[in-house]
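The values are calculated or read from the model by the stated rules, or taken from the named source; none is laboratory data. Here the structure is a predicted model, which means the values were calculated and not measured. Backbone-built Cβ (ideal geometry, glycine too); neighbour counts: all protein chains shown.
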């Protein structure tokens, strides 16, 4: 029989949610957490591509969170990516949130580049309209989380790129310790920060 440390026990009780706007660094944080030692709830359906060379680490059914929440128990003891627009549909559970924050112009430029590359209609939405939509969605998600009793850590995308060692240490403390900060920091590749304001 193996014994669990208090940190292991705490981590197994929580669902760790990485959130933020699309293109705000959520995949990067997922990669950091997996490297550090938290298993990700992911199905591998969305493979790495030229917009995200290291992979998305997504769980496809999360996109249907409004209609289907049956998978939530599987997420205990794991980290799962839930974009800001879907946070309000998470059912009551023991969550802890890591919210990625990125300059809104960088988010929009990165999103537009990805949509144009895949020839999706969202690429044609005027920039000001898209900025307003994203800002409101992010504010709503953050207010919902801050109004709950769930622990929340906000991580700035640029800080993560420029000083991953410090961010890895902050994330490790937030999660209760016991994770490999060196491996977490090593995941971050500044060359992948291609959209800069």
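Exactly one residue out of 68, 8 is at negative phi, surrounded by 12 or more Cβ atoms within 10 Å (Cβ to Cβ) and modelled with pLDDT under 95: that is 8. For segment 122-152, name all the residues that are within 22 Å of residue 78 (Cβ to Cβ) and surrounded by fewer than 16 Cβ atoms within 10 Å (Cβ to Cβ). Residues satisfying the conditions are 144, 148, 149.
Residue 161: free of Cβ contacts under 8 Å to residues at least 24 places away in the same chain and either surrounded by 15 or more Cβ atoms within 10 Å (Cβ to Cβ) or over 16 Å from the mean Cα position of the chain (by Cα) (or both), yes or no? Spelling it out, it is not the case that residue 161 is free of Cβ contacts under 8 Å to residues at least 24 places away in the same chain and either surrounded by 15 or more Cβ atoms within 10 Å (Cβ to Cβ) or over 16 Å from the mean Cα position of the chain (by Cα) (or both). Scanning segment 27-48 for residues that are crowded, with 21+ Cβ neighbours inside 10 Å and out of contact with any helix residue (DSSP H, G or I) (no Cβ under 9 Å at 6 or more places or on another chain) returns 27, 30. Where helices (runs of 4 or more DSSP H) fall wholly inside segment 98-197, the ranges with 2 or more residues that are at pLDDT below 85, in contact with a helix residue (DSSP H, G or I) (Cβ under 9 Å, 6 or more places away or on another chain) and more than 15 Å from residue 25 (Cα to Cα) are 104-117, 127-146.
Only one of the numbered conditions (1) in a helix (DSSP H, G or I); (2) within 18 Å of residue 26 (Cβ to Cβ); (3) modelled with pLDDT of 85 or more is violated by residue 73, and that is (2).
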